[in-house]
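Worksheet: one structure, shown below.
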Amino acid sequence: MIKSVSLKAAVRDTVRIFQFEQWIRFYYIKGEEENMSVEIPDDVLQRVEKEYPTLKSLAETMVGDIDYKKSHEIVCAHVASHMDGAKYDPTIMPKVFDSPQFKIEMYVFNMWMKMHEPYLDEEVMFFSDWEEMWEEWNKLDEVKQYREKLVSSGQTPSAVQ
């Protein structure tokens with residue numbers, strides 16, 4: 001099987017995985033700093049399996065005790081096992097995390113989350129709702145201009161999670 005060598009596609013897919021992980025953390029973390037766990041209802045896991053079958057194992061792996069470090073390790077392991085050498089040529093994935101595209105997309109997504117947090121907090125939304133809102137927001141001229149400004153500046157923001 002021929003593996004993709006598209007950095008752009010690999011960045012897009014990796015960003016989606018990180019967005020999914022942040023969606024899980026946003027709605028399904030219970031507890032406080034030292035004693036946090038992820039609890040995802042069965043009906044949500046079933047819907048994930050139906051609509052996002054490649055992300056179900058990530059959701060299942062996150063269930064249980066969690067902290068930022070463990071969450072980050074789970075996401076990186078998921079990227080490694082599902083994309084590095086599986087979907088993408090092994091030479092591509094090491095380039096993703098250092099790419100300006102990945103850093104900009106994660107920065108802009110985190111900005112979107114902060115701006116929309118009050119709305120996202122109103123009710124538990126499914127990941128597809130987040131994706132739809134994210135896509136619509138990205139169509140705004142102001143967002144396009146801001147992203148272009150980040151790209152043209154040559155200074156890549158850090159991909160803060």
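Return a yes/no flag: does region 40-47 have any residue that is under 27 Å from LYS103 (Cα atoms) and not aromatic (Phe, Trp, Tyr).
Checked region 40-47: no residue is under 27 Å from LYS103 (Cα atoms) and not aromatic (Phe, Trp, Tyr).
Identify, by number, the condition in (1) at pLDDT 90 or above; (2) in contact with a helix residue (DSSP H, G or I) (Cβ under 9 Å, 6 or more places away or on another chain) that LYS30 doesn't meet.
All conditions pass for LYS30, except number (2).
Restricting attention to region 127-136, report how many residues are surrounded by 12 or more Cβ atoms within 10 Å (Cβ to Cβ) and of a type in the set (D, E, K, R).
Number of matching residues: 3.
Just one of VAL96, VAL124 is open to solvent by 30 Å² or more (accessible area, probe 1.4 Å), of a type outside the set (Phe, Trp, Tyr) and in contact with a Phe, Trp or Tyr (Cβ under 8 Å, 6 or more places away or on another chain); which is it?
Result: VAL124 is the single residue among VAL96, VAL124 that is open to solvent by 30 Å² or more (accessible area, probe 1.4 Å), of a type outside the set (Phe, Trp, Tyr) and in contact with a Phe, Trp or Tyr (Cβ under 8 Å, 6 or more places away or on another chain).
Take the conditions farther than 15 Å from ILE17 by Cβ and surrounded by 11 or more Cβ atoms within 10 Å (Cβ to Cβ) and apply them to ASP84. Does it pass?
no
Taking HIS78, is it touching a residue at least 60 places away in the same chain (Cβ under 8 Å), closer than 18 Å to GLU21 by Cβ and open to solvent by less than 60 Å² (accessible area, probe 1.4 Å)?
For HIS78, the condition - touching a residue at least 60 places away in the same chain (Cβ under 8 Å), closer than 18 Å to GLU21 by Cβ and open to solvent by less than 60 Å² (accessible area, probe 1.4 Å) - is met.
Of the conditions (1) surrounded by 14 or more Cβ atoms within 10 Å (Cβ to Cβ); (2) closer than 29 Å to SER153 by Cβ, LYS8 fails just one. Which one is it?
(1)
Conditions (1) modelled with pLDDT of 95 or more; (2) among the polar types (S, T, N, Q); (3) out of contact with any Phe, Trp or Tyr (no Cβ under 9 Å at 6 or more places or on another chain), marked per residue:
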| site | (1), (2), (3) |
| --- | --- |
| THR54 | no, yes, yes |
| SER81 | no, yes, yes |
| GLY85 | no, no, yes |
| GLU136 | yes, no, yes |
| LYS139 | yes, no, yes |
| ALA159 | no, no, no |
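So which residues in region 53-73 are over 19 Å from MET113 (Cβ atoms) and open to solvent by less than 70 Å² (accessible area, probe 1.4 Å)?
Within region 53-73, LYS56, SER57, VAL63, GLY64 qualify.
The values are calculated or read from the model by the stated rules, or taken from the named source; none is laboratory data. Please read all numbers here as calculations on a predicted model, not as lab measurements. Don't worry about glycine lacking a Cβ; one is built from the backbone with ideal geometry, like all the others, and counts go over all protein chains shown. Just the protein is used for accessible areas: all its heavy atoms, side chains included, with ligands, DNA and RNA removed. Shrake-Rupley method; radii C 1.70, N 1.55, O 1.52, S 1.80 Å.
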